[in-house]
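In what follows, a single structure is set out as structure tokens and then discussed.
The values are calculated or read from the model by the stated rules, or taken from the named source; none is laboratory data. Predicted, not measured: the structure shown is a model, and the values here were computed from it. Neighbour counts run over all protein chains shown; Cβ positions are idealised from the backbone, glycine included.
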Amino acid sequence: MKALKKDADERLLIEAAQQDPARFAELYELNFERVYAYAVRRVGDRAEAEDVTAEVFHQALANLKRFEWRGIPFAAWLFRIAANLISDRRHHAGREVADESQIESAQVSPAEIEEVERRATLFRLVSTLPEEQRRVVALRFVEQKSIKEVASEVGKSEGAVKQLQFRALSNLKARLEGADA
């Protein structure tokens with residue numbers, strides 16, 4: 001029953017945004033983390049993922065009037081836009097396509113959607129961590145800095161950074177398990 005309500009709510013948000021583009025902000029807020037998580041997973045570079053995410057929402061807003069509700073989540077349409085953008089970027093960058101799966105990148109599997117949802121949840125949960133833990137997580141896992149580099153940057157000992165990292169990961173694990181339940 002929850003899924004039906006969620007679908008109906010999403011459909012109403014889409015219809016409202018189609019009538020008044022200022023209402024698109026609600027769709028943006030609901031889907032930003034999903035699209036960003038999808039882009040990061042596909043491109044592996046934070047700056048490029050940010051560019052792709054911005055372009056996805058720009059294109060989605062520009063083409064929203066053409067969107068037709070078919071019972072498929074709005075995020076799937078956004079993922080398809082992202083996949084096409086990533087494919088175009090690779091093509092324009094002159095990179096060779098490594099395998100057939102990249103050519104078919106516009107097809108987003110249910111497993112991939114599930115992984116993106118999990119990453120989006122993780123991004124949301126990281127933002128709820130205490131400031132020091134959040135900073136350590138960002139430096140270690142987003143900027144991929146060593147314990148020594150993080151310690152230097154935050155002005156703490158390596159042991160203190162390890163402890164903050166451990167607490168942050170423990171908090172995230174517990175919250176993720178709670179979100180999955």
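Within segment 123-178, the set of residues being surrounded by 15 or more Cβ atoms within 10 Å (Cβ to Cβ), in a loop (DSSP other than H, G, I, E, B) and in contact with an Asp or Glu (Cβ under 9 Å, 6 or more places away or on another chain) comprises LYS145, LYS156. Against the test of being modelled with pLDDT under 90 and among the aliphatic types (A, V, I, L, M), the options ALA181, ALA151 yield a single qualifying residue, ALA181. Can you tell me how many residues within segment 52-72 are surrounded by 15 or more Cβ atoms within 10 Å (Cβ to Cβ) and more than 21 Å from ALA22 (Cβ to Cβ)? Total satisfying the criteria: 1.
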